[in-house]
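Please read the structure below before turning to the comments.
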Amino acid sequence: MPKEIIFKDQKLVDSFIEFLENPEVNDKIMTDYLQPLFKFVNDKGSYRRMLLDYDSLLWNLNSSKFYERLSKSIFLMILFGFNSMAVEKQKPFQDINNFSDFVIYAKDFEKQFKDTTLSAILYALDLTPEKAVEYFEKKGVAISKDWKEALKNSRKQAFTVTKVMNLDILTDFKDELLKAIKDGVSLADFKKSIKERLANRGWLGKTISDVPGQEKIDTPWRLNLIYHQNIQTSFNQGRWSNAEETQKTWPYIQFLSVVDKVTTKICIGMNLVILKINDPNIKQFIPPSHFGCRRRFRVINESIKKRRGLKASKGTSKLQFKNLKGFTWTGIGKYKPDLTKYPKELLKQLRKR
């Protein structure tokens with residue numbers, strides 16, 4: 001395996017995700033989020049009453065803090081992704097034809113990110129989206145003329161994710177409730193252990209040290225997946241928006257994978273591959289391709305392709321490297337979850353909202 005290559009823009013994305021996954025912050029968000037569920041368990045006198053009424057919890061779960069945090073994060077990554085692609089067009093860059101070119105290109109690209117730092121992104125996270133746009137524009141960051149539409153779509157995406165999370169939590173709760181009944185767990189013990197059960201299901205952080213003074217909170221792992229998936233998707237959405245705007249003069253995209261010891265076969269297989277932006281199969285390859293995916297892409301034009309003797313592939317010839325199930329790219333704001341796995345009573349309540 002060649003030595004590690006990670007672009008600075010990807011490093012910033014990873015650092016931002018790491019910030020969002022702060023265990024203490026997320027555990028506080030989720031504990032507050034699930035307070036109505038804990039109260040519900042303590043107020044009900046029997047398993048039967050819980051099963052009859054659990055779907056009513058859908059109306060009481062307050063997701064406002066998480067929604068605001070997620071929607072802002074998605075929007076910032078759309079802006080950053082758009083600028084990341086725009087930066088590459090500001091001056092001629094090294095054409096990529098092999099790994100040596102890849103190294104040169106990566107080093108040259110990193111030099112162009114002097115003002116965009118993690119501290120800048122975190123500062124913008126505390127601003128309103130409109131103020132964040134104003135702040136970045138003053139720093140010379142390229143902002144799409146359709147940023148208001150991007151903001152609308154990021155909020156729609158966050159809203160959808162949050163509502164699906166509500167369904168996931170209550171479905172998990174019902175499953176654990178039925179398991180407790182089946183295993184003969186007493187109601188008193190169930191009430192005591194519900195937080196631990198939810199932690200084991202990935203919704204709450206849990207203490208991972210018994211040594212006094214050295215306790216640490218483990219990040220709720222489901223939130224890790226939600227943040228990573230949405231932020232990486234949003235980053236590439238921003239790059240795709242930029243690519244679509246200039247596809248008449250830059251009609252091709254070339255995939256670039258982070259190359260290290262954990263790079264997957266899919267991303268190794270798609271590394272340096274060139275496809276036309278209007279390829280009918282393009283959506284099956286737009287990253288992320290799997291959980292933890294760090295692949296991105298750049299645009300190239302006809303002259304670069306001819307000068308370096310590069311050839312564009314057809315998507316059909318690369319389908320063995322297509323995104324895993326559930327990762328077909330649809331664009332921010334167009335995510336439609338599979339609701340067939342949820343109990344009918346929850347779906348009924350959701351449609352009422």
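Some notes on this structure:
- Of all residues in region 260-309 being closer than 18 Å to residue 94 by Cα and among the hydrophobic types (A, V, I, L, M, F, W, C), the one that is farthest from the chain's Cα centre (by Cα): 304
Residue-wise test of (1) farther than 18 Å from residue 332 by Cα; (2) of a type in the set (Asp, Glu).
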residue: 247; (1), (2): yes, no
residue: 257; (1), (2): yes, no
residue: 260; (1), (2): yes, yes
residue: 268; (1), (2): yes, no
residue: 291; (1), (2): no, no
residue: 296; (1), (2): no, no
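- The test for being outside the structural domain of residue 176 (by TED's automatic domain parsing) and either crowded, with 17+ Cβ neighbours inside 10 Å or assigned to a helix (DSSP H, G or I) (or both) does not hold for residue 71.
- The C-beta contact set for region 116-127 (first residue under 9 Å from residue 72 (Cβ atoms), second residue among the aromatic types (Phe, Trp, Tyr) and surrounded by 18 or more Cβ atoms within 10 Å (Cβ to Cβ), distance under 9 angstrom, 6+ apart or interchain) comprises 124/136; 125/16.
- Those helices (runs of 4 or more DSSP H) lying entirely in region 1-58 with at least 1 residues of a type in the set (Phe, Trp, Tyr) and either surrounded by fewer than 17 Cβ atoms within 10 Å (Cβ to Cβ) or free of Cβ contacts under 8 Å to residues at least 24 places away in the same chain (or both): 8-20, 35-43, 47-53
- Residue in region 91-101 that is at pLDDT 95 or above, hydrophobic (A, V, I, L, M, F, W, C) and buried (at least 19 other Cβ atoms within 10 Å of the Cβ) present: no
- Residue that is nearest to residue 283 (Cα to Cα), among those in region 304-331 that are in contact with a helix residue (DSSP H, G or I) (Cβ under 9 Å, 6 or more places away or on another chain), assigned to a loop (DSSP other than H, G, I, E, B) and small (Gly, Ala, Ser): 331
- Leading residue by the ranking (surrounded by the most Cβ atoms within 10 Å (Cβ to Cβ)) among those in region 341-353 that are modelled with pLDDT of 90 or more and not in a helix (DSSP H, G or I): 342
- Any hit, region 151-171, residues being surrounded by fewer than 17 Cβ atoms within 10 Å (Cβ to Cβ), among the small types (Gly, Ala, Ser) and under 19 Å from residue 30 (Cβ atoms): no
- Across region 187-204, the qualifying residues are those that are in contact with a Leu (Cβ under 9 Å, 6 or more places away or on another chain) and in contact (Cβ under 8 Å) with a residue 24 or more places away in the chain, and the one among them that is surrounded by the fewest Cβ atoms within 10 Å (Cβ to Cβ) is 195.
- Residues satisfying the stated conditions in region 273-292, i.e. in a loop (DSSP other than H, G, I, E, B) and modelled with pLDDT of 90 or more: 273, 277, 278, 279, 280, 281, 285, 286, 287, 288, 289, 290
- Looking across region 250-302, the residues that are buried (at least 23 other Cβ atoms within 10 Å of the Cβ), basic (Lys, Arg) and touching a strand residue (DSSP E or B) at 6+ places or on another chain (Cβ under 9 Å) come down to 295, 296.
- Among the conditions (1) modelled with pLDDT under 95; (2) assigned to a helix (DSSP H, G or I); (3) of a type in the set (Lys, Arg), the only one that residue 131 does not satisfy is (1).
- Single residue of region 310-323 satisfying the filter (surrounded by fewer than 17 Cβ atoms within 10 Å (Cβ to Cβ) and of a type in the set (D, E, K, R)) that is farthest from the chain's Cα centre (by Cα): 311
- Picking from residues in region 172-186 that are in contact with a helix residue (DSSP H, G or I) (Cβ under 9 Å, 6 or more places away or on another chain) and either assigned to a loop (DSSP other than H, G, I, E, B) or at pLDDT below 90 (or both), the one that is surrounded by the most Cβ atoms within 10 Å (Cβ to Cβ) is 185.
- Search result, residues across region 79-109 that are of a type in the set (Val, Ile, Thr) and more than 30 Å from residue 153 (Cβ to Cβ): 96, 103, 104
- Screening residue 234 with (1) hydroxyl-bearing (Ser, Thr, Tyr); (2) closer than 13 Å to residue 288 by Cβ; (3) free of Cβ contacts under 8 Å to residues at least 12 places away in the same chain gives one miss only, at (3).
- Of all residues making up region 315-330, the number that are touching a residue at least 12 places away in the same chain (Cβ under 8 Å) and out of contact with any strand residue (DSSP E or B) (no Cβ under 8 Å at 6 or more places or on another chain): 11
The values are calculated or read from the model by the stated rules, or taken from the named source; none is laboratory data. None of the values given here were measured: they were computed from a predicted structure. Every residue, glycine as well, gets a Cβ built from its backbone with ideal geometry; the counts of neighbours run over all protein chains shown.
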